[in-house]
Amino acid sequence: MPRVGVFGGSFNPIHFGHLLVADEICEALSFDRMLFVPAAVPPHKPAAELASAEHRYRMTELAVNQHSRFAVSDVELRRRGPSYTVDTLQALRGEGDLHLRIGSATFLDLLSWREPREVARLARLVVVPRSGEGFEPEAPPAQKVLHELGLPAFGSADGPVLYRAASLPISGSDLRSRARDGRSLAYRMPEPVSAYIREHGLYRLGP
């Protein structure tokens, strides 16, 4: 059965930070494929500066199409309502042995998600702290999440994976601000993505 990484997010817009982490995890954990899943309606994100789902899907497609193991799924765009991860993982069950990449802050907030136990059952969790972000898997907050989800310890045969990947100091909010002000997006994302943002006037104020 193929080992498949699932990288969900708003990708608003996708950038080299996302791609670097995905490539490193894909290699280190021997994934056959890394599946990027743009959220149509992110339940935990304000919609104020959110580009349309179609634009975010297309930018993600442009960003990953040169990587032999990267692919994009439109599973959340084809579903109405909020983009709950549990629904996405259920829809992707036939893709292979699923591994869900999440940030460490997201892991600590996982109990607020819809059906978190089912999320942990459908996919092995791969927890990736940001560089410089303190995350202690033995600390009480992390242990509480493991206990509530019925998961064994990090690093055990069936437990979550903790992977401290490299990260770049690039943020979606800074990129949106740069696009809004007409400033450079170079060296922060693939050129086809920045060209797409310019062509469609994304993140600009007004009509």
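The values are calculated or read from the model by the stated rules, or taken from the named source; none is laboratory data. Quick caveat: nothing in here was measured; it's all calculated off a predicted structure. Reconstructed Cβ throughout: ideal geometry from the backbone, glycine too, with neighbour counts over all protein chains shown. We work out accessible area using only protein heavy atoms, side chains counted, and drop any ligands, DNA or RNA first. Shrake-Rupley method; radii C 1.70, N 1.55, O 1.52, S 1.80 Å.
Quick one: which of LEU100, LEU110, LEU77 is of a type in the set (A, V, I, L, M, F, W, C), closer than 25 Å to PRO129 by Cβ and more than 13 Å from the chain's Cα centre (by Cα)? Steps first, please.
Numbers: LEU100 fails: more than 13 Å from the chain's Cα centre (by Cα); LEU77 fails: closer than 25 Å to PRO129 by Cβ.
Selected residue: LEU110, the only one of LEU100, LEU110, LEU77 that is of a type in the set (A, V, I, L, M, F, W, C), closer than 25 Å to PRO129 by Cβ and more than 13 Å from the chain's Cα centre (by Cα).
Working only within the stretch 1-34, note down all residues that are open to solvent by less than 10 Å² (accessible area, probe 1.4 Å) and of a type in the set (A, V, I, L, M, F, W, C).
VAL4, VAL6, PHE7, PHE11, ILE14, ALA22, ILE25, CYS26, PHE31, MET34
Go over the candidates TYR187, TYR203, TYR196 one by one and state the one that is aromatic (Phe, Trp, Tyr) and outside any loop (DSSP other than H, G, I, E, B).
Values: TYR187 fails: outside any loop (DSSP other than H, G, I, E, B); TYR203 fails: outside any loop (DSSP other than H, G, I, E, B).
Going through TYR187, TYR203, TYR196 in turn, the sole match is TYR196.
Which residue pairs have Cβ atoms under 7 Å apart, sit 6 or more places apart or on different chains, and have a first residue in the stretch 160-185 that is without any contact (Cβ under 8 Å) to a residue 60 or more places away in the chain and a second that is open to solvent by less than 40 Å² (accessible area, probe 1.4 Å) and charged (D, E, K, R)?
Going by the 7 Å Cβ cut-off, the qualifying pairs are SER184/ARG178; LEU185/ARG178.
Does LEU146 count as surrounded by 11 or more Cβ atoms within 10 Å (Cβ to Cβ), part of a loop (DSSP other than H, G, I, E, B) and at pLDDT 95 or above?
Here the answer is no, as LEU146 does not meet what is asked.
Please work out if LEU168 is within 22 Å of the chain's Cα centre (by Cα) and at pLDDT 95 or above.
No.
Scan the stretch 128-142 for residues that are assigned to a loop (DSSP other than H, G, I, E, B) and either farther than 20 Å from ILE170 by Cβ or not polar (S, T, N, Q) (or both) and report the count.
10
Conditions (1) modelled with pLDDT of 95 or more; (2) among the acidic types (Asp, Glu), marked per residue:
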| site | (1), (2) |
| --- | --- |
| GLU27 | yes, yes |
| VAL37 | yes, no |
| HIS44 | no, no |
| ALA48 | no, no |
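Those residues that are farther than 18 Å from ASN12 by Cβ and aliphatic (A, V, I, L, M), I need them from the stretch 163-180; list them, please.
Applying the first criterion (farther than 18 Å from ASN12 by Cβ) to the stretch 163-180 yields 163-166.
Correct list: ALA165, ALA166.
Got a sec? Which of SER173, SER156, SER131 is of a type in the set (Ser, Thr, Tyr), loosely packed, with under 12 Cβ neighbours inside 10 Å and over 30 Å from ALA53 (Cα atoms)? Explain how you work it out, then say what you get.
Details: SER173 fails: over 30 Å from ALA53 (Cα atoms); SER131 fails: over 30 Å from ALA53 (Cα atoms).
Result of the check over SER173, SER156, SER131: SER156.
Against the condition in contact with a Lys or Arg (Cβ under 8 Å, 6 or more places away or on another chain) and more than 25 Å from LEU162 (Cβ to Cβ), how does GLU49 come out, does it pass?
Numbers: in contact with a Lys or Arg (Cβ under 8 Å, 6 or more places away or on another chain): yes; more than 25 Å from LEU162 (Cβ to Cβ): yes.
When the stated conditions are applied, GLU49 passes them.
Of all residues being out of contact with any Lys or Arg (no Cβ under 8 Å at 6 or more places or on another chain), surrounded by fewer than 19 Cβ atoms within 10 Å (Cβ to Cβ) and modelled with pLDDT of 95 or more in the stretch 69-92, which is nearest to PRO141 (Cα to Cα)? Just the residue, please.
Going through the qualifying residues, I end up with GLN90.
Listed here are the residues, each with its yes/no results for (1) in contact (Cβ under 8 Å) with a residue 24 or more places away in the chain; (2) among the small types (Gly, Ala, Ser).
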| residue | (1), (2) |
| --- | --- |
| ASP32 | yes, no |
| PRO38 | yes, no |
| ASN65 | no, no |
| SER68 | no, yes |
| ARG79 | yes, no |
| VAL86 | yes, no |
